[in-house]
1. Can you give the % of DSSP beta bridges in the chain that are antiparallel, to the nearest 5?
2. Once the convex hull of the alpha carbons of the stretch 81-229 is built, what does its volume come to per residue, in cubic angstrom?
3. Leaving ligands, DNA and RNA out of it, report the carbon-plus-sulfur percent of the accessible area of the stretch 77-140 at a 1.4 Å probe.
4. Using a Förster radius of 51 Å, what is the FRET efficiency between Lys323 and Asp55 based on their Cβ-Cβ separation? Nearest 0.05, please.
5. Give me a comma-separated list of calculated 3J(HN,Hα) values for the stretch 251-264, in order, Karplus coefficients 6.51, -1.76, 1.60 applied at θ = phi - 60°, integers in Hz, x for any Gly or Pro.
6. If you take the Cα Rg of the chain and divide it by 2.2 N^0.38 Å, with N the number of residues, what do you get?
7. With Kirkwood's inverse mean 1/r over C-alpha pairs for Rh, give me the Rg to Rh ratio of the stretch 209-265, two decimals please.
8. Charges only on Cβ, +1 for Lys and Arg, -1 for Asp and Glu: so what's the dipole of the stretch 297-456 about the Cα centre, in debye to the nearest 20?
Amino acid sequence: MQEIKKYVEENKERFLEELFELLRFPSVSADPKYKGDVLKTADYVAQKLKEAGADQVEVCQTAGYPIVYGEKIVDASLPTVLIYGHYDVQPADPLELWQTPPFEPTVRDGKIYARGACDDKGQFYMHVKAFELMMQTNTLACNVKFMIEGEEEVGSNNLSIFVKENAERLKADVVLISDTSMISMENPSIETGLRGLAYMEVEVVGPNRDLHSGVYGGAVANPATILCKMIASLHDENNHIIIPEFYDKVVDLSDEEKKALNSAPFDLQEYRDDLNIKAEWGEQGYSTLERTGTRPTLEVNGIWSGYTGEGAKTVLPSKANAKISMRLVPNQSSKEIAAIFTKHFESIAPDYVTVKVTEHHGGEPVVTPTDSVAYRAAEQAIVDSFGKKPIPTRGGGSIPIVALFEEELGIKSVLFGFGLDSDALHSPNEKYDVYNYYKGIETLPLFHKYFAELSK
Ligand code: BES
Ligand code: MN
Ligand code: MN
């Protein structure tokens, strides 16, 4: 531990400067405008892996953005840790809400502000630096493989092909991922579940052209009104989703599991104050932690129709659109839920409109084990580094690759995240505490140490 702390202390500034360099690449995978930048980011990651001491470093081409691979095999008899992360980021807009530009990382009040600071550049880069530390101090206790992808934020479509084709190369005993959050630095925690996702887009079409809202209004259905009604009909008065078959495969937690989940430190008033809301919302009969961690949801992610420019235009729009996604829990299947949604949404369309439903990407939910050697290694690493046993929690977000690793390679993951929910992932002014960055770099070598020891 002392040796680790010393190495981090001596290299602090460089560790931060390198992360800043990484954060300066606008690697937005969703927007083709940034293609050149995304590709440059992959090259930078590869170069940094090489410098840290990885062998076989390769920028692996896919039909989309490349996957950066690197490894250090010390001894075939030692356990192997596969580190997964993503170098792509979400779009930064709305730009005007950023206090400092999203791709010009700035430290204010001990926090690094930049798009990707926490999700996931700041977090996966801790692994690169922890690896460097273990190489330099001759303490690498496990074989290590890195797989850093560039399409996580757009659904990891090409990753599944890569995983299938490289099953041998990716063979490992555990997948280690830092792309989730902790409750707080005082209450360290490990997420032991992620929700799945089914992402849909709908279009409601009325008349064959935009109409004068005075000449036709009142006599022709307005697609925007119809779309709103259709969307509003998807939840009942208890905020339960009323799509037939939607909950069929959802299993309720046992009373014991519920108790454990709700015993995590959580202050509802703080939660409200942080978001500036007077009251929270959600499915009747479930606590906030249950709602985000264990229940499926349906959200409108975007909605548009008619005139939204300056001033006023009296128009009855010809069509209305929305992006709608559903978070899924075990044992719901993304494909099945997409089909169930499509069928239902088409069935509730009144005769005066036609609807079209299309499917975007999806992902499967997972629950990760808390009785595995890898989980115990993570737990012990946290105990050493934070002086406290981590609390297992259920995360509300999705990392589709986790289920895929289980299915394709038979490897379970440990979600070893050091972010905070308040890090504003996907929002303006995303941040990552400098403290968390260094704390992560200090804690990760302990995971490798304990994983090797406990695997014996
Ligand atoms: N790192 C997040 C997921 C996450 C965040 C999990 C916080 C737990 C806590 C990841 O980059 C992400 O944003 N995933 C997407 C899904 C993807 C298919 C676009 C998500 O959850 O919306
Ligand atoms: Mn992420
Ligand atoms: Mn994300």
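1. Values: 47 of 68 bridges.
Of the beta bridges lying entirely in the chain, close to 70 percent run antiparallel.
2. Values: hull volume 34.1 nm³, N = 149.
About 229 Å³ per residue, rounded to a whole number.
3. Summing carbon and sulfur atoms, their accessible area is 48 percent of the total for the stretch 77-140.
4. Values: r = 43 Å, r/R0 = 0.84.
It comes to 0.75.
5. My calculation for the stretch 251-264 gives 9, 6, 5, 6, 4, 5, 4, 4, 5, 4, 4, 7, 8, 5 Hz in order.
6. Numbers: Rg = 23.4 Å, N = 456, 2.2 N^0.38 = 22.5 Å.
It is 1.04.
7. On the way: Rg = 20.8 Å, Rh = 15.6 Å.
Result: Rg/Rh = 1.33.
8. Numbers: 16 positive and 19 negative charges, 23 e Å.
My answer is approximately 120 debye.
The values are calculated or read from the model by the stated rules, or taken from the named source; none is laboratory data. Worth saying up front: this structure is predicted, and the values here are computed from it rather than measured. Please note: Cβ atoms are built from the backbone with ideal geometry, for glycine as well, and neighbour counts cover all protein chains shown. Surface accessibility is based on the protein's heavy atoms, side chains included, excluding ligands, DNA and RNA. Shrake-Rupley method; radii C 1.70, N 1.55, O 1.52, S 1.80 Å.
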